[in-house]
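Below are the structure tokens for one structure; questions will follow.
The values are calculated or read from the model by the stated rules, or taken from the named source; none is laboratory data. A quick note: this is a predicted structure, and the numbers were derived from the prediction, not measured. Virtual Cβ from ideal backbone geometry, glycine too; neighbours counted across all protein chains shown.
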Amino acid sequence: MLRLAQTLQQQLVAAMARAFPEADGPLDPALGPASKPEFGDFQANGALALAKPLKQAPRAIATAIAEQLQGDESFRALCDAPQIAGPGFINLTIKPEVLAAEVRQRLGDPRLGVESVISDQGAVIVDFSSPNIAKEMHVGHLRSTIIGDCLARVLEFRGHRVLRLNHVGDWGTQFGMLITHLKQVAPDALTTADAIDLGDLVAFYREAKKRFDEDESFQSTSREEVVKLQGGDATSLKAWGLLCDQSRREFQKIYDRLDIRLSERGESFYNPHLPAVVEDLKASGLMVIDDGAGCVFLDGVTGKEGKPLPLIVQKSDGGFNYATTDLAAIRYRLGSDGDGSERVIYVTDAGQASHFTGVFQVAQRAGWVPEGSSLEHVPFGLVQGEDGKKLKTRSGETVRLKDLLDEAVERAEADLRRRLSEEERSESEAFISEVATTVGLAAVKYADLSTNRITNYQFSFDRMLALSGNTAPYLLYAVVRISGIARKGGALDAEPPQQLEFSQPQEWALVRQLLQLDAVLQEVESDLLPNRLCSYLFELSQVFNRFYDQVPVLKAEEPSRSSRLALCRLAADSLKLGLGLLGIPSLERM
Ligand code: ARG
């Protein structure tokens, strides 16, 4: 309905100008969706704001605007006569034949009426997933992976060129510790590929960290190792490469399973650019030395006793840190000699909010953020167990992603086998495995995406796998139900009649819901909240189910039958498209 809304907006602006030629400046109709379905499709509240400047009653203003609208032939073709309500709202109802024609246009259109942005801008960068080498990918990274992938899919579908960047933690002090430790306990791992597996690597990393914290001589050797690595020592670089490779392959298994595409561009990529960051901050006077460290004091960010907090960009030993790397990354990503991007989106847990506030502010003050470019942190809450505490295994360990995904699929399979035996259906093992895998992984993704990402999120297999409620299985089932109509003889892909005819309120409710898709996607593109898309799809499934339960489709007479089948088809296509944008494939049967 976005295009209809735009047309209405223009008609309203013109009507207002005709009604009140004496008013100066462009008049704002304040057009928005109707607050209740019984008020029609749209409502224009602009009369209220005009009461004061025009010194007239808002209802009289609304009436004058409505009269002008009614005098406009193109408006009369689009809407029923406007209704004035309350203190001076103008309620607008799109004509049924216009809605039906909108639906008709979307049939067979792969974009389902969603316009593509014509973009000559640089790529939109989505920085997501970004686990750390030699550490296990944890549930926080899973959230980032799922949310980031969905945002990238929506932006791509809208027509943007998207750079999906995996900013892996592949540089820094952790390698000094790890290499020092491995030299002593597993030297093979530093010279031979696959000498150890990632599980071991993670354990070695933990041991190394422990030694680093406890043993001063280990600490200083580790620091020397970092210097060697950063100085480009060949043996160190080889060892580093092997360790990265090993982690990378483990991460890739998770990405493959979840169908996630990412380009790796880790922290090490920015290493050559770090000195310039500090040099430039020094030269511009933003950086000062405080307690031996290079600091930029932040505007408006104060700590205890109201003292301004610094962003540390160079440690007292001369080394660079996470913030320095992010500053170098910003310069590269926004710079015309780098990516030339105008929008960079960072998907990380909310715990990093102050890091990004600081980094963004320093980049801004240093003049590295060109006019019109934006840096956006997309924070998300913690993943909690059903007890509201940090998600742990029964024995209290952190949950491994692989185990978590395995369990989702196993439980989906058990549910499916139970259902099949209740329904006395027999299906092939291949079918069972495909459905269980799809449903299990979809449930994990959807549970994450459907909650407002800012809040903490309680992980519950039972809830996410339920066939009812706002879950992936419920949505997948709606698609399956529509595919069932085709199997029962409803030719969903037959050429629909030129004029669709609807009469029942359930049909109109479905039509109106179907036509909201473009507005919802535009909202996700700007607000970066995937749960908006989830709620939309959930409502669409509910409205569809109500329609299908209460209105005959296959048994209806023509022309209703074809028109209703067309609605079924558009509902299926919309659900499939929406699920696809969430990174969830649809099933024909389940
Ligand atoms: N590696 C970081 C972590 O595991 C996330 C990196 C996010 N991206 C960035 N540009 N800082 O927490």
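If R343 satisfies all but one of (1) crowded, with 18+ Cβ neighbours inside 10 Å; (2) among the basic types (K, R); (3) out of contact with any strand residue (DSSP E or B) (no Cβ under 6 Å at 6 or more places or on another chain); (4) farther than 20 Å from L582 by Cα, what's the number of the condition it fails?
Among (1) crowded, with 18+ Cβ neighbours inside 10 Å; (2) among the basic types (K, R); (3) out of contact with any strand residue (DSSP E or B) (no Cβ under 6 Å at 6 or more places or on another chain); (4) farther than 20 Å from L582 by Cα, R343 violates only (3).
Does the stretch 242-257 contain at least one residue that is at pLDDT below 90, under 14 Å from W171 (Cβ atoms) and either part of a loop (DSSP other than H, G, I, E, B) or more than 28 Å from the chain's Cα centre (by Cα) (or both)?
The answer is yes; a qualifying residue exists.
Say whether the condition of being acidic (D, E) and modelled with pLDDT of 95 or more is met by at least one residue in the stretch 218-232. Outline the logic, then answer.
First, the residues of the stretch 218-232 that are acidic (D, E): 224-225.
Next, from what is left, pick out any that are modelled with pLDDT of 95 or more: none.
Within the stretch 218-232, not a single residue is acidic (D, E) and modelled with pLDDT of 95 or more.
Taking only pairs six or more apart or across chains, which ones have beta-carbon atoms under 7 Å, a first residue in the stretch 253-274 that is under 30 Å from V313 (Cβ atoms), and a second residue that is assigned to a helix (DSSP H, G or I) and among the small types (G, A, S)?
Y270/A328; Y270/A329; H273/A328; L274/A328
Being away from the ligand (no atom under 16 Å from the Cβ) and polar (S, T, N, Q) is the filter; apply it to the stretch 157-214 and report the residue that is surrounded by the most Cβ atoms within 10 Å (Cβ to Cβ).
Only one residue fits best here, namely T180.
Also, I was wondering about something else. Of all residues in the stretch 475-530, which are charged (D, E, K, R) and touching a residue at least 12 places away in the same chain (Cβ under 8 Å)?
Of the stretch 475-530, the ones charged (D, E, K, R) are 481, 487-488, 493, 495, 501, 507, 512, 518, 523, 525, 527.
Within the stretch 475-530, R481, K488, D493, E501, E507, R512, D518, E525 qualify.
Which of the numbered conditions does E386 fail, given that it passes all the others? Conditions: (1) in a loop (DSSP other than H, G, I, E, B); (2) modelled with pLDDT of 95 or more.
Of everything listed in (1) in a loop (DSSP other than H, G, I, E, B); (2) modelled with pLDDT of 95 or more, E386 misses just condition (2).
Yes or no: L281 over 25 Å from I147 (Cβ atoms), out of contact with any Gly (no Cβ under 9 Å at 6 or more places or on another chain) and modelled with pLDDT of 95 or more?
On the way: over 25 Å from I147 (Cβ atoms): yes; out of contact with any Gly (no Cβ under 9 Å at 6 or more places or on another chain): no; modelled with pLDDT of 95 or more: yes.
It is false that L281 is over 25 Å from I147 (Cβ atoms), out of contact with any Gly (no Cβ under 9 Å at 6 or more places or on another chain) and modelled with pLDDT of 95 or more.
So T348 fits all but one of (1) touching a Gly at 6+ places or on another chain (Cβ under 9 Å); (2) polar (S, T, N, Q); (3) not in a strand (DSSP E or B); what number is the exception?
(3)
Return yes or no: is G71 surrounded by fewer than 21 Cβ atoms within 10 Å (Cβ to Cβ), in contact with a Lys or Arg (Cβ under 9 Å, 6 or more places away or on another chain) and closer than 18 Å to L27 by Cβ? Write out each step before concluding.
Numbers: surrounded by fewer than 21 Cβ atoms within 10 Å (Cβ to Cβ): yes; in contact with a Lys or Arg (Cβ under 9 Å, 6 or more places away or on another chain): yes; closer than 18 Å to L27 by Cβ: yes.
Here the answer is yes, as G71 does meet what is asked.
Answer yes or no as to whether L476 is surrounded by 14 or more Cβ atoms within 10 Å (Cβ to Cβ) and closer than 21 Å to A414 by Cα. Don't jump to the end; show me each part of the working.
Details: surrounded by 14 or more Cβ atoms within 10 Å (Cβ to Cβ): yes; closer than 21 Å to A414 by Cα: yes.
Against the criterion (surrounded by 14 or more Cβ atoms within 10 Å (Cβ to Cβ) and closer than 21 Å to A414 by Cα), L476 qualifies.
Among the candidates L31, L69, L92, single out the residue that is within 16 Å of W508 (Cα to Cα) and either among the polar types (S, T, N, Q) or at pLDDT 95 or above (or both). Spell out how you get there, then give the answer.
Numbers: L31 fails: within 16 Å of W508 (Cα to Cα); L69 fails: within 16 Å of W508 (Cα to Cα).
Residue meeting the stated conditions: L92.
Let me ask something additional. So for the stretch 2-16 (the condition being of a type in the set (G, A, S), at pLDDT 90 or above, touching a strand residue (DSSP E or B) at 6+ places or on another chain (Cβ under 9 Å) and more than 14 Å from S74 (Cα to Cα)), does at least one residue qualify? Explain how you work it out, then say what you get.
Applying the first criterion (of a type in the set (G, A, S)) to the stretch 2-16 yields 5, 14-15.
Filter once more, keeping what is at pLDDT 90 or above: 5, 14-15.
Now restrict to residues that are touching a strand residue (DSSP E or B) at 6+ places or on another chain (Cβ under 9 Å): 5.
Subsequent filtering for residues that are more than 14 Å from S74 (Cα to Cα) retains none.
No, there is no match, as no residue in the stretch 2-16 is of a type in the set (G, A, S), at pLDDT 90 or above, touching a strand residue (DSSP E or B) at 6+ places or on another chain (Cβ under 9 Å) and more than 14 Å from S74 (Cα to Cα).
Please go through the stretch 558-590 and give me each residue that is part of a loop (DSSP other than H, G, I, E, B) and surrounded by fewer than 16 Cβ atoms within 10 Å (Cβ to Cβ), ordered by number.
Going residue by residue through the stretch 558-590, those that are part of a loop (DSSP other than H, G, I, E, B) are 558-559, 582-590.
Result: E558, P559, P585, E588, R589.
With the structure loaded, tell me whether D188 is modelled with pLDDT under 90 and of a type outside the set (V, I, T) or whether it fails that test. Lay out the reasoning, then the answer.
Numbers: modelled with pLDDT under 90: yes; of a type outside the set (V, I, T): yes.
Yes, satisfied.
Hey, among L375, L309, L382, L327, which residue is surrounded by 14 or more Cβ atoms within 10 Å (Cβ to Cβ) and more than 16 Å from the ligand (Cβ to nearest atom)?
Only one candidate qualifies: L309.
Quickly run through the stretch 168-192 and pick out the residues that are touching a helix residue (DSSP H, G or I) at 6+ places or on another chain (Cβ under 6 Å) and assigned to a loop (DSSP other than H, G, I, E, B).
D170, W171
Then there's this: Name the residues in the stretch 330-347 that are away from the ligand (no atom under 11 Å from the Cβ) and either free of Cβ contacts under 8 Å to residues at least 60 places away in the same chain or acidic (D, E) (or both), would you?
R331, L334, G335, S336, D337, G338, D339, E342
Go through the stretch 25-48 and report how many residues are in a helix (DSSP H, G or I), out of contact with any helix residue (DSSP H, G or I) (no Cβ under 7 Å at 6 or more places or on another chain) and either basic (K, R) or crowded, with 16+ Cβ neighbours inside 10 Å (or both).
Applying the first criterion (in a helix (DSSP H, G or I)) to the stretch 25-48 yields 37-39, 46-48.
Add one more test, that the residue is out of contact with any helix residue (DSSP H, G or I) (no Cβ under 7 Å at 6 or more places or on another chain), and what stays is 37-39.
From what is left, the residues that are either basic (K, R) or crowded, with 16+ Cβ neighbours inside 10 Å (or both) are 39.
Final tally of qualifying residues: 1.
I'm trying to understand the selection: among the residues of the stretch 542-557, which are surrounded by fewer than 21 Cβ atoms within 10 Å (Cβ to Cβ) and in contact with a Leu (Cβ under 7 Å, 6 or more places away or on another chain)?
Within the stretch 542-557, V543, V553 qualify.
How do the pairs read when you match residues in the stretch 351-376 that are assigned to a loop (DSSP other than H, G, I, E, B) with residues anywhere that are away from the ligand (no atom under 13 Å from the Cβ) and among the polar types (S, T, N, Q), using Cβ under 7 Å and keeping only pairs 6 or more apart or on different chains?
A366/S284
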